[in-house]
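For reference, the structure is listed below as C-alpha cells.
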There are 4 protein chains.
Amino acid sequence: MILTLKQTATKKDIDIVCKKIKELGFTPHLSKGKEVTVVGAIGQNAILKKDIFGAMDVVAFIMPISKPYKLVSREFKKENTVIKVDDMEIGGSDVIIAAGPCSVETKELLLEIAKKIKISGAKMIRGGAFKPRTSPYAFQGLGEKGLKYLAEVKKMTGLPVITEAMNVNQVSLVARYSDIVQIGARNMQNFDLLKEAGKTKKPVLLKRGFSATIEEFLMSAEYIMAQGNYNVILCERGIRTFETATRFTLDLSAVPVIKKLSHLPVFVDPSHGVGVREYIPVMCRASVAAGADGLIVEVHLCPEQALSDGPQSLLPLQFDKMMDELKAVARAVGREI
Amino acid sequence: MILTLKQTATKKDIDIVCKKIKELGFTPHLSKGKEVTVVGAIGQNAILKKDIFGAMDVVAFIMPISKPYKLVSREFKKENTVIKVDDMEIGGSDVIIAAGPCSVETKELLLEIAKKIKISGAKMIRGGAFKPRTSPYAFQGLGEKGLKYLAEVKKMTGLPVITEAMNVNQVSLVARYSDIVQIGARNMQNFDLLKEAGKTKKPVLLKRGFSATIEEFLMSAEYIMAQGNYNVILCERGIRTFETATRFTLDLSAVPVIKKLSHLPVFVDPSHGVGVREYIPVMCRASVAAGADGLIVEVHLCPEQALSDGPQSLLPLQFDKMMDELKAVARAVGREI
Amino acid sequence: MILTLKQTATKKDIDIVCKKIKELGFTPHLSKGKEVTVVGAIGQNAILKKDIFGAMDVVAFIMPISKPYKLVSREFKKENTVIKVDDMEIGGSDVIIAAGPCSVETKELLLEIAKKIKISGAKMIRGGAFKPRTSPYAFQGLGEKGLKYLAEVKKMTGLPVITEAMNVNQVSLVARYSDIVQIGARNMQNFDLLKEAGKTKKPVLLKRGFSATIEEFLMSAEYIMAQGNYNVILCERGIRTFETATRFTLDLSAVPVIKKLSHLPVFVDPSHGVGVREYIPVMCRASVAAGADGLIVEVHLCPEQALSDGPQSLLPLQFDKMMDELKAVARAVGREI
Amino acid sequence: MILTLKQTATKKDIDIVCKKIKELGFTPHLSKGKEVTVVGAIGQNAILKKDIFGAMDVVAFIMPISKPYKLVSREFKKENTVIKVDDMEIGGSDVIIAAGPCSVETKELLLEIAKKIKISGAKMIRGGAFKPRTSPYAFQGLGEKGLKYLAEVKKMTGLPVITEAMNVNQVSLVARYSDIVQIGARNMQNFDLLKEAGKTKKPVLLKRGFSATIEEFLMSAEYIMAQGNYNVILCERGIRTFETATRFTLDLSAVPVIKKLSHLPVFVDPSHGVGVREYIPVMCRASVAAGADGLIVEVHLCPEQALSDGPQSLLPLQFDKMMDELKAVARAVGREI
C-alpha cells in the first residue's frame, strides 16, 4: 500500500505515519520528494488496514499495490481451475450449458424439460426449489420437495443438478440433493452464507450481485475459498444501470476481466441479465464469444404458465435452435459444446 | 394491472388474455379502440401475476395500477407510524440521533463514546458486534461479547441500543441484547433474514440496499411486516453510482418519496452514504432538512485507531459542534432534536 | 398514450382530462371501471404532450402506446437500411471493420497504420482531427490539417474515412474531406449539431452518449433523419456504470435491442467501451457475435507515443491476429468480414 | 503522478520509464523497494501525460498527485469567488433564488410570473428561449424573440436574467440579452461551446452533465476559465442512476465536495433533479442546508398549460410558501435569502 501525504505534511506527521506502519507489523518505505512525500507500507495484507491511514488527515491518497484477495487470484494459481462434476469438466475446453425452469414446479414438467434440453446438448439441469422473490406474497418455491424432484430427474436423465441455497441452514440440505450449490446475486455479500458454502464439499456457483464491482465479487469468492472449498464458479448475471430496455445490463467485459485476475471458471446467465426472451439467444452467442466457460439459461415448456420469470424463458424449440448456433460460435473461438 | 396489446392482436388473442385473467381469479376489463386494445385485470395483487402476461407475445406493455406492497403503504395506514423505544418516540416530532463507533471494540471505549454523545444530545448508541466485511481477513466483530458490552453501556447511560443481525440464527440473540435490530444494506434482500426479523418483537431498522430501488426497499419492509412486526424503520444509506468523490451517493430525495408512499419512519445514515468525514456534518444538516426522522452517525474517539470505517467517523468534538447546527435546522423545519 | 387517473378522480376531473385531449387534437377514449379509470389519448405523437397531463394532479400514471420516434423505427421501414460508401455496404451481410489511431498525428504515421490495417482486412480508416478532450490543456487535434491527411491517405490506400465533427460550424468542413461524419458520445444530445448533421449529404455515425438510454439514442438519430439525412449508423461505445475495472461498461445487449426497434445499422466501439488493450480483442469477438454490423477499433504503431488514448490502442500485430479470430466468429453467425 | 511498476519490471524497463519522464520535461523520482518499484514523475501537469505511461505494459497503477484542473481549484484561489450581477452577489452570504418558467412562452405570462416570484423573494428570472428537447418534434423555444421578452421583463421588474445558449453561434446573442449565460447539462462536454462561453464577458452558469463525475464537471469549468472568464457558477442538477421514483438523483453531496475542491459558487436545480412537483420544496430546503449558494426553481402559473416540463413546475402559491421555509433554513445555517 502506498500513502501519498499532503503537501502540508510536517516531519512530525511523517514520523507518526511511519510509526503506525511499524506498529501494524509492516515496513515503512519513505520517499520524500521536493513536492510530494510518499510512504510505502510493505507487508502482506497491508491494504486491509487502509482505513486506519484513510482516517489520518495528513494522508491525501492511498494506492493498493497488491490485490485484497489471494486464493482466487491468478498470482496464487497460474493455470485455470477445472472442476469435475460426474464426467463433466467445468473450466476446461468444453463450454457447459445448464438449462431448466426458473422454479421447480412439478416433477413431470421438470422431467420433460430435462429430456428436451439434454437432446439439444445441455449438460446440466437448473431449477429453483428455494426462490428469492421480491414480494412476500409471490410463490416462494417448493422447498425440499423441489430438491427431491431435481435429484430424481437427475437419476432419470443423468444430468447433474444446480440449485440455490438461500440461508445458512439450507446449505447442507441443498448440498445433499444437488451437484452444485448456487448462491444468488442478492446473497453475494451474505457473508455468513458464503462461509457456510465454503464448508460444504460441493462446488459452489456464486452469482455476481447486481451492483457488485468485480473486485467485490472476487472478495466474496475468497470468503468461500478461505473456508477450504476451492471449487468455485463465478457467474455474471447483469448489473444494474440506468438502461430500462433490458432488465439488467449484461456486463460481458467481466468475463475477460475475471479470467485475467482469477483462475476460476466464469459462467454467464443471459436470462436474468437481459430478461427479455427474444434477446437471449443473441446474448448467449456473445457470451460464448466473450470466453464464458458456461451458460445458465431458463427454458420452460410454456412460459406463460411458469410460476416465475416467464418473460425470460425460452421454449425448447428456441433453445434447440440456439444450441446449434452456439456450437458454431464455440468452435470459432476454439471450444466445444 | 393494465395490459396493452400489440396492434396485431386478433380476437382470439384477446380471448386468450381475458380467459387467463379469469382463471387467475381477476376480472378482465376490455377496452378495444381503433388503434389500441387495452385489457384491465382487476383484483387484489393482480400485479404479482404480471410475469404470466409478460410472457405472452401479444402483450406490448404492462402497467401496474396498484402498488405491489400493502402493509407499508400510506393507503393502508394514513397517519405516520410512531415507534416507542423506552421513552423515545421514533417517527414523532423529535429527530432522533443515534451515534457510536462502527464496531464495538472495548467496553471502556464504547462507554466513553456513549457518555460523550449523550451530552451532545444523541438519543441512541450504535455499534456493530457482527460486522459484514468485504474481506474474509478483516475484523469480523466481537460477536456476543460485543452485544453484552452494548447492553451494559445501555444500563450505565440509559441510551437504547441499535445493532445488526447478519443471519437468521442471530436475530433472536441480537433481539435479546438490543432495543432495535438492524438489517444491513447487503442483506436487504436476504429474504429469510427479513422473515426472521418479522418474527421478533423488537423494532427493526432496515437499511436500503445500495442498488435497491425505493419500491424494492418497501417490498423488503413488507416482508418484515407480513410476519406481524409492524415496527419497521427505513434507513437511506447511499446508493451506488458512477461518482467516486464520495463512497456512495446519498439519495436524499428518497426521504420525501418514502414519506409520501409509506407511513413508516425514515432515517438517514450519512456516514456510510458519504464516507468522507469532512462532508458528513453538512449532509446530516441536509438530511434533517429533507425530513429525516432520525440519523445514524459514526463517532469514534480516535478514528485512526478504529478497527473499521475510520475515515468516516467523527470525533466527539466534531459531533458536538454538528449537533448544535442540527438543532437549528430541525427547528427551522418545525422539529426538535 | 394511456392515462390512468387516481382513484379519487371525480366526474369533473375526468371531463377536464377529456376536454384537454380534444383541445390538443386527439381523441379521448374513456374506460371507467369500478376501481380504476383509464383514458386513452388517441392520435399521432400524442406522447409528445405527456408533460401536460403529467402536470395534472388527477393523473396517476402515463403509459405510451407508441414510440416517440418515427423515422428510425422498424415500423416505419421493415427492411434493414444498407448504406453505400464507395463499394462498401454498411448494414449488409459484411461486418465492416474501421480502424486507425485515436488522433491523426502525422501523415506518415497515418499512412503506415492505414496500410497495415488494410492488409489485415479493415475496410475503413478512422482518426480524429478535432478531438473532444476532458482537459483544455490536452492535445486538441490537428484540425483541418488532420482532415487533409485523412483524405490523402484515402487516395493512397482506397480506404474510406470516418472522422468527427464537434460543432455546428465543422460539419460541412468535415463532410468535405470525410466519407462518414462522426458525432461523438459527448455530443449525442447536442441537438443543433444533430440538425446540422442532418443537412449534410454524407452518412453520419452517431455514438451513444455514455449515459443515454437506447430510447434517447434513437431520438437523437431521429433528429438527423428529420432533416432528411437517412444514412445514419448507430454506435454503442459503452455506458457509465459503477464498475471501474473497465473504462465504461460495453452494453452489448444494445445491439439486438436496437436492431429490433430500428432498421439502422449498428456498430460497436470496444476500444472506448472497455479502454484496456488486452480485453479489446475478446470484446470485438463478442460484438460480432452479438450482431454488430461493424466495429471501430483503435490501432497505433506505438501506443505509448500516441498523443491520446494510448492504453486502449492495439498494435498492428495484435489487430492482425484479432481479425483472423473475428472472421471465424463472423462466419459462425452467418456473416463475412 | 506516481507510477507503480509491475513486480516483473527489469532494470531496463525502469530505465525506459525514467527516460520517457525526462523526455516529457518532468523529473523522475525512483523508489525501488524489495517488493515494489515506484517512480514519481514530478512537474506541472504531468498527469495530462498519463495515457503515455498507461500504454506501457510495465506500469501497473498510475496515481495522480495533483488535480488535473488548476484555475477552478481552491489551491489556486483560497477565498470564495463572489460574482456581482447588478446589486446581487452570487457566492456571498445570501442564497440567491432564481425562478421562472421552463420555456419563455409569452411576454405577458413571463411578466406575471416575474412579478409574483419577486414578491416571494426571488432575485433572478429564468426561462428558456433556446430549448434542448429530446424530440425533434417538440417545442424548441421562441429563439431571439424569447430573449427579447426576458430583457423586457428585466426592465420592468429589475430581476436579472439567466437563460441558455445551445451552440457556439448563440453565445454572443444570449450574452447581449441575458445577465448570465447558461450552459445546459447535455452540453457540459461540448468543449467548443465551453470555449466560446469563456470568451464572453458575462458570468456563465454551467450545469453538471447527468453522468459527469465531479472531476469532469470541474474540468469543464476549467475550459471556460482557461479562456479568461473567471465568473463561473457550477450547478448540480441530478445525476442518472437506476432509481426511477425521481427523474434523476439529486447528488447533494456534490455541494460540499465542490466547495472543498473549488472556490466557485455552487447552485442546485431541484426541479430538474427530482422532476416531481411535490418533492421539490423539500429538496430545495435540503439544498440550502447542504450549503448551496443559490437555487434554480421552475415556477409556472398553470403547469398543465406549460409547453415543457409541466410536471416539475411549482405554482406561485407553492413557491411563496416554500420561500418562507427556505428563509428559516438559510438562517439556521448562517445565511440569508
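We did not get these values from a lab; they are worked out from the coordinates using the rules stated. Keep in mind that this is a model prediction, so the values were computed, not measured. Cβ sites come from the backbone with ideal geometry, for glycine too, and all protein chains shown count toward neighbours.
The table below lists the values:
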| read-out | value |
| --- | --- |
| Chymotrypsin sites (Phe, Trp or Tyr not before Pro) lying in DSSP loop within the stretch B:232-292, provided at most 13 other Cβ fall within 10 Å | none |
| Of the trypsin sites (Lys or Arg not before Pro) in the stretch B:39-109, those whose Cβ has at most 14 other Cβ within 10 Å and which sit in DSSP loop | B:K77, B:K78 |
| Distance in nm between pseudo-label sites at C:K260 and A:K6 (7 Å out along the Cβ direction from Cα) | 5.3 nm |
| Cα gyration tensor, the protein assembly as shown - rounded (a/c under 1.5), prolate or oblate | rounded |
| Rotation relating D and C, chain C residue nearest the axis via C-beta, angstrom | C:S211, 2 |
| Karplus 3J(HN,Hα) series, Hz, for the stretch A:270-282 with 6.51 cos²θ - 1.76 cosθ + 1.60 (x for Gly, Pro) | x, 4, 6, x, 9, x, 10, 3, 6, 8, 5, x, 4 |
| For the stretch C:1-51 versus the stretch A:70-140, the gap between their alpha-carbon centres in whole angstrom | 48 Å |
| DSSP-defined antiparallel bridges as percent of all bridges, the protein assembly as shown, nearest 5 | 40 percent |
| Interatomic Cα distance distribution for the stretch B:13-140, bins of 10 angstrom, percent | 10, 23, 16, 14, 16, 15, 6, 0 |
| Copy-to-copy label separations for D:M156, where each label sits 7 Å from Cα toward Cβ, in nm and ascending | 6.5, 7.1, 8.2 |
| Förster-model FRET efficiency, 41 Å R0, C:K321 and D:M88, C-beta, rounded to 0.05 | 0.05 |
| Vicinal HN-Hα couplings computed from phi for the stretch D:241-253 (Karplus, 6.51 cos²θ - 1.76 cosθ + 1.60; Hz; Gly/Pro x) | 9, 6, 6, 10, 5, 10, 5, 9, 9, 5, 9, 5, 4 |
| Calculated FRET value between B:E112 and D:K32, using beta carbons and R₀ = 41 Å, to 0.05 | 0.35 |
| D:R247 long-range amide H proximity, modeled H, under 5 Å | D:G275, D:V276 |
| Centroid-to-centroid separation of the stretch A:242-307 and the stretch B:162-176 [C-alpha atoms, Å] | 36 Å |
| Interchain or long-range residues, amide H under 5 Å from C:I337's placed H | C:V95 |
| Copies compared at B:C302 - label distances in nm, ascending, label defined 7 Å from Cα in the Cβ direction | 5.5, 7.0, 7.0 |
| Residue order, fewest to most surrounding Cβ atoms within 10 angstrom, among D:L205, A:L301 | A:L301, D:L205 |
| Between 0 and 90°, nearest 10: helix B:214-226 axis offset from chain B longest Cα axis | 80 degrees |
| DSSP beta bridges in chain B [antiparallel fraction, %, rounded to 5] | 40 percent |
| Relative contact order computed over the stretch A:227-337 (Cα-Cα under 8 Å; 6+ residues apart), in percent | 22 percent |
| Label point 7 Å beyond Cα along the C-beta direction, distances from B:N169 to other copies (nm, shortest first) | 1.0, 7.3, 7.4 |
| Estimated [θ] at 222 nm from DSSP helical runs (n ≥ 4, -39500 (n - 2.57)) normalised by residues in chain A, nearest 500 | -10000 deg cm²/dmol |
| In sequence order, calculated HN-Hα J values of the stretch C:94-103 (Karplus, 6.51, -1.76, 1.60; Hz; x Gly/Pro) | 7, 8, 8, 9, 9, 9, x, x, 4, 10 |
| Per-residue Cβ neighbour rank within 10 angstrom, fewest leading, D:T27, B:T200 | D:T27, B:T200 |
| Charge tally in the Cβ shell below 14 Å around B:I96, where Lys, Arg are +1 and Asp, Glu are -1, B:I96 excluded | -2 |
| Estimated distance in nm for a label pair at A:A151 and C:I119, the labels positioned 7 Å out from Cα along Cα-to-Cβ | 6.4 nm |
| Degrees, to the nearest 10: B:316-332 long Cα axis against longest axis of chain B | 50 degrees |
| Cut-off under 5 Å, modelled amide H: who pairs with B:A129 long-range | B:V104, B:E164 |
| Shape of the stretch C:240-337, Cα gyration tensor, a/c cut at 1.5 | oblate |
| Fewest-first ranking of D:R277, B:R237, A:R285, using other Cβ atoms within 10 Å as the exposure measure | D:R277, B:R237, A:R285 |
| C-alpha long axis of helix C:11-23 to longest principal axis of chain C, angle in ° | 50 degrees |
| Mean Cα-pair separation over length for the stretch A:2-63, i.e. relative contact order, pairs under 8 Å, 6 or more apart, % | 48 percent |
| Restricting the stretch D:186-228 to trypsin sites (Lys or Arg not before Pro) in coil, as DSSP defines it, with at most 16 other Cβ within 10 Å | D:K201 |
| Relative contact order (%) - chain B, alpha-carbon pairs under 8 angstrom, separation at least six | 16 percent |
